[in-house]
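Below is one structure, written out as structure tokens; the observations come after it.
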Amino acid sequence: MYVKIPTHIAVIPDGNRRYAKKVGLDFYHAYKRGVEKVRSFLLWALEYREIKNVTFFALSTENLQRSRLELEILFRIFEEELRKTLEDPLIHENRVRVRFIGDMSLLPSRVVKWAEELEAATKNYGNYHLTLALGYGGRAEIVRCVKRLLSGEVKLAEVTEESLFQCLDTRDLPNPEPDVVVRTGGEKRLSNFLLYQTAYSELVFLDKLWPEVEREDLAYIVEEYSRRQRRFGR
């Protein structure tokens, strides 16, 4: 039986704080498990081979309104994990190109430094693509796109729905439109994630909190996507 497999999966990994309360962990160790699950999810996705792009909503502009203590925990983890990823065989052996989208000026310079180093270290890879949305909001991305057009930074012969992709944060991705968007944690909304790019994405919602997701959940996502009839409005 032929199984249609998505080539681009975008993930909203929700539920880390609720997981901390559920299992009695502090925020640091709960978020640490959440980040480790990102690495596991990428590994499971690579097993399919057809899945060439994985995008994670790692930190939203709204998340930046959380307490200073919680943000410092998150930034510390990002710094640790980005540094670790620079040497990660999973990235280099599979030639995974890592990119960051969002407003990096909203992040501490120490986090930006490691993000830039990771982008530079993987810029010549192209077998697979991992995109991390940091300091990202879909509406803010559209505003940045308009500003790029008005300033002349991006010149389009004709502004169309298709050409507009050239000034979005995802413009360098080979496939900027996710085939499927997955949200964990039981919530059923996009929460300002890839608003322009997800116009025709399939949506899959999981009740599991993000750190609880396992390999069989990705299998379910692929199976559910394969059952969908994608008509794109036609």
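The values are calculated or read from the model by the stated rules, or taken from the named source; none is laboratory data. Keep in mind that this is a model prediction, so the values were computed, not measured. Here the Cβ positions follow ideal geometry from the backbone for every residue, glycine too, while neighbour counts run over all protein chains shown. SASA here: full protein model, heavy atoms, side chains in, ligands and nucleic acids out. Shrake-Rupley method; radii C 1.70, N 1.55, O 1.52, S 1.80 Å.
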Report task. Pop out the ³J(HN,Hα) list for segment 148-161 in order, Karplus 6.51 cos²θ - 1.76 cosθ + 1.60 with θ = phi - 60°, rounded to Hz; leave Gly and Pro as x. Result -> 5, 5, 5, 7, x, 4, 10, 10, 10, 4, 8, 8, 10, 4
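How high is the relative contact order of segment 1-158, in percent, with contacts defined as C-alpha pairs under 8 Å that are six or more residues apart?
Relative contact order comes out at 26 percent.
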**Report entry** Alpha-carbon centroid distance for the pair segment 17-47 / segment 73-89, whole angstrom
**Finding:** 14
Query - Integer Hz, Karplus 6.51/-1.76/1.60 couplings in order for segment 83-97, x for Gly and Pro - result: 4, 5, 5, 4, 10, 6, x, 4, 6, 7, 5, 9, 6, 8, 7
Query raised in the report: Of the chain, which part is the longest with no GluC sites (Glu not before Pro) in a loop (DSSP not H, G, I, E, B) and with at most 11 other C-beta atoms within 10 angstrom?
Result: 163-234
Query raised in the report: Counting only pairs 8 or more places apart or on different chains, how many lysine pairs in the chain have C-alpha atoms closer than 13 Å?
Result: 5
Report summary line: Relative contact order as a percentage, segment 71-201, C-alpha pairs under 8 Å and 6+ apart, gives 23
Query raised in the report: For the chain, what is the Kirkwood hydrodynamic radius in Å, using each pair of distinct C-alpha atoms?
Result: 18.4
Query raised in the report: Bin by bin, in steps of 10 Å, what percent of the Cα pairs in segment 1-58 do you find, going until the bin that has the longest distance?
Result: 22, 42, 25, 11, 1
**Report entry** Coil-residue trypsin sites (Lys or Arg not before Pro) of segment 153-189, DSSP, other Cβ within 10 Å capped at 14
**Finding:** K155, R171, K188, R189
Query raised in the report: Rounded to a whole number, what % of the accessible area of the chain do carbon and sulfur atoms account for, probe 1.4 Å?
Result: 51
Report summary line: Taking only the alpha carbons of segment 86-170, the radius of gyration and the largest Cα-Cα distance, Dmax, both in angstrom, are 14.9, 43
